[in-house]
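Participant: Got a structure for you, questions after.
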Amino acid sequence: MLQRLKWYWQCDRLGPDIFLTHFLLFSRRLGRWLCERKFKSFGENSEFRPYAYAIFPSRISIGSNIVVRPGTMLFADEDPAGTIVLEDDVIMGSGIHFYVNNHKFDRTDIPIQYQGYHPPKELRVKKGAWIGANAIILSGVTIGENAVVSAGAIVTKDVAPYTVVGGNPARVIRKLS
């Protein structure tokens, strides 16, 4: 039992499947204390709410004034290139998925699950961006400053600053003036 509790504390992830640390997220003060220890950086006035997930939080930087809402999944990687950076003042809905790597599927002679992964790439969301609920942001994408990603969009390419994108795959809807 003691060994299991130690593992809960030391593992490099947060979420409902990690009972001990997830329980701390229900307290604002204890949740902040936990996040400051688990994440690479965790800005002022930021929150990581219960029922959100972070895989390899030691590779995730969360800026100031950000709320990571329930259902959001941040999938970083142990590889140093597999980081997620959310700069200050990013607005996020619930259920957003961030991925820094993807399966290989080049070969037809072996199942995809045995082909491994492409090398991870940094995923970055610049200051002031807004990401709608249930959006999916894929490996290597940079979302520009004050850009808007509509709800449910699947972002496979960089989003320019002051641009609204939506759809699957996400396309430019309009430029902000």
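The values are calculated or read from the model by the stated rules, or taken from the named source; none is laboratory data. Everything numeric in this text was worked out from a predicted model, so none of it was measured. All Cβ positions, glycine included, derive from the backbone under ideal geometry; neighbour counts span all protein chains shown.
Participant: Which of the residues that make up region 127-153 are farther than 16 Å from E87 by Cβ and either in a loop (DSSP other than H, G, I, E, B) or at pLDDT below 95 (or both)? Write out each step before concluding.
Facilitator: First, the residues of region 127-153 that are farther than 16 Å from E87 by Cβ: 132-136, 138-140, 150-153.
Of everything in region 127-153, those that are farther than 16 Å from E87 by Cβ and either in a loop (DSSP other than H, G, I, E, B) or at pLDDT below 95 (or both) turn out to be G132, A133, N134, A135, L138, S139, G140, S150, A151, G152, A153.
Participant: Just one of R13, R29 is touching a strand residue (DSSP E or B) at 6+ places or on another chain (Cβ under 6 Å), farther than 19 Å from E87 by Cα and surrounded by fewer than 20 Cβ atoms within 10 Å (Cβ to Cβ); which is it?
Facilitator: None of the others qualify; the one that does is R13.
Participant: Continuing with this model, one more query. Filter region 102-151 down to residues that are under 13 Å from G167 (Cα atoms) and more than 15 Å from the chain's Cα centre (by Cα) and give me whichever is surrounded by the fewest Cβ atoms within 10 Å (Cβ to Cβ).
Facilitator: In this case the residue turns out to be A151.
Participant: Checking the conditions here, which among D88, D77, D106 is of a type in the set (D, E), in contact with a Ser or Thr (Cβ under 6 Å, 6 or more places away or on another chain) and in a loop (DSSP other than H, G, I, E, B)? Full working, then the answer.
Facilitator: Values: D77 fails: in contact with a Ser or Thr (Cβ under 6 Å, 6 or more places away or on another chain); D106 fails: in contact with a Ser or Thr (Cβ under 6 Å, 6 or more places away or on another chain).
Being of a type in the set (D, E), in contact with a Ser or Thr (Cβ under 6 Å, 6 or more places away or on another chain) and in a loop (DSSP other than H, G, I, E, B) holds for just one of D88, D77, D106, which is D88.
Participant: I need a count of the residues in region 51-74 that are in contact with a Leu (Cβ under 9 Å, 6 or more places away or on another chain), closer than 21 Å to K121 by Cβ and assigned to a loop (DSSP other than H, G, I, E, B).
Facilitator: 2
Participant: Something else: Scan region 154-165 and give yes if some residue there is under 17 Å from the mean Cα position of the chain (by Cα), farther than 22 Å from A81 by Cβ and buried (at least 21 other Cβ atoms within 10 Å of the Cβ), otherwise no.
Facilitator: No - not one qualifying residue is present in region 154-165.
Participant: Hey, another quick one. Within region 51-68, track down each residue that is crowded, with 16+ Cβ neighbours inside 10 Å and in contact with a helix residue (DSSP H, G or I) (Cβ under 8 Å, 6 or more places away or on another chain).
Facilitator: Matches in region 51-68: A54, P57, I62.
Participant: Filter region 166-175 down to residues that are surrounded by 14 or more Cβ atoms within 10 Å (Cβ to Cβ) and either farther than 16 Å from K126 by Cβ or in contact with a Gly (Cβ under 7 Å, 6 or more places away or on another chain) (or both), then give me how many there are.
Facilitator: The qualifying residues number 1.
Participant: Go through F105, F19 for me and flag whichever is in contact with a helix residue (DSSP H, G or I) (Cβ under 8 Å, 6 or more places away or on another chain), free of Cβ contacts under 8 Å to residues at least 24 places away in the same chain and under 30 Å from K157 (Cβ atoms).
Facilitator: Working: F19 fails: under 30 Å from K157 (Cβ atoms).
Every option except F105 fails the conditions.
Participant: Could you tell me whether any residue of region 134-141 is within 28 Å of D79 (Cα to Cα), touching a Gly at 6+ places or on another chain (Cβ under 6 Å) and in contact (Cβ under 8 Å) with a residue 12 or more places away in the chain?
Facilitator: yes
Participant: Of everything in region 156-171, what is in contact (Cβ under 8 Å) with a residue 12 or more places away in the chain and over 17 Å from G128 (Cα atoms)? Give them in sequence order.
Facilitator: T156, K157, G166, G167, N168, P169, A170
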